[in-house]
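See structure below.
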Amino acid sequence: VPAEPVSVQVLDAEGRAVTVGERGELSGRPARVVGVPRAATTEKTVRAEVSGCAEVSGRAERVGRAEGVGHAEEVERVEAWAGPWPVNERWWSTEPRRRAFLQVLLSDGPAALLAADAEGWWLEGIYD
């Protein structure tokens, strides 16, 4: 689990940003995650399951690098995904927050927990 959530981008197969609608539906099928820190992933043979959605085993595979402003970011292929699960947090307070959680199985093996809010997507954790 990162000390602070890491900002990432979730893209569909055509490279469009995947968003979560008002009713909790995704705008497209997640195909890539951009910005996952290399330290958060491993390059080894793995076998993982994402909430019973899919099972994958194999060798690590990096899709490539996305050229960002001033630096390049790692691009991970999404092999399987589950969710989203919309959550209304602190609905009773003066500062409520809506988020949606998504589990993704990355091509290099680890599964990740992502969260979307009004600002974008965040890497919340990596499953071992």
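Of note:
- The H on the amide N of Ala80, modeled in the peptide plane, is under 5 Å from the matching H of Leu105, each at least 5 residues off or on a different chain.
- Remark on Thr19: its backbone amide H falls under 5 Å from those of Ser27, Gly28, a criterion applied only to residues 5 or more positions apart or on other chains, H modelled at 1.01 Å from N.
- Calculated from backbone phi, Karplus (6.51, -1.76, 1.60) coupling profile of the range 88-98 in Hz, x at Gly/Pro: 9, 9, 6, 4, 7, 8, 7, 10, x, 9, 9
- Model label points for Ala13 and Thr94, set 7 angstrom from Cα along the Cα-to-Cβ axis, are 4.9 nm apart.
- Trypsin sites (Lys or Arg not before Pro) restricted to the range 73-128 and DSSP loop, no more than 16 other C-beta within 10 Å: Arg90
- Scanning residues 5 or more positions from Ala31 or on other chains, those with amide H under 5 Å from its amide H are Leu11, Asp12, Ala13, with H placed 1.01 Å from N in the peptide plane.
- Length gained on full extension, Arg23 to Trp85, computed as 0.36 nm times the residue gap minus the Cα-Cα distance: 21.3 nm.
No value in this document is a laboratory result; all are computed from the given coordinates. These numbers were taken from a predicted model, which means no experiment stands behind them. As a convention, Cβ positions derive from the backbone with ideal geometry for all residues, glycine included, and neighbour counts pool all protein chains shown.
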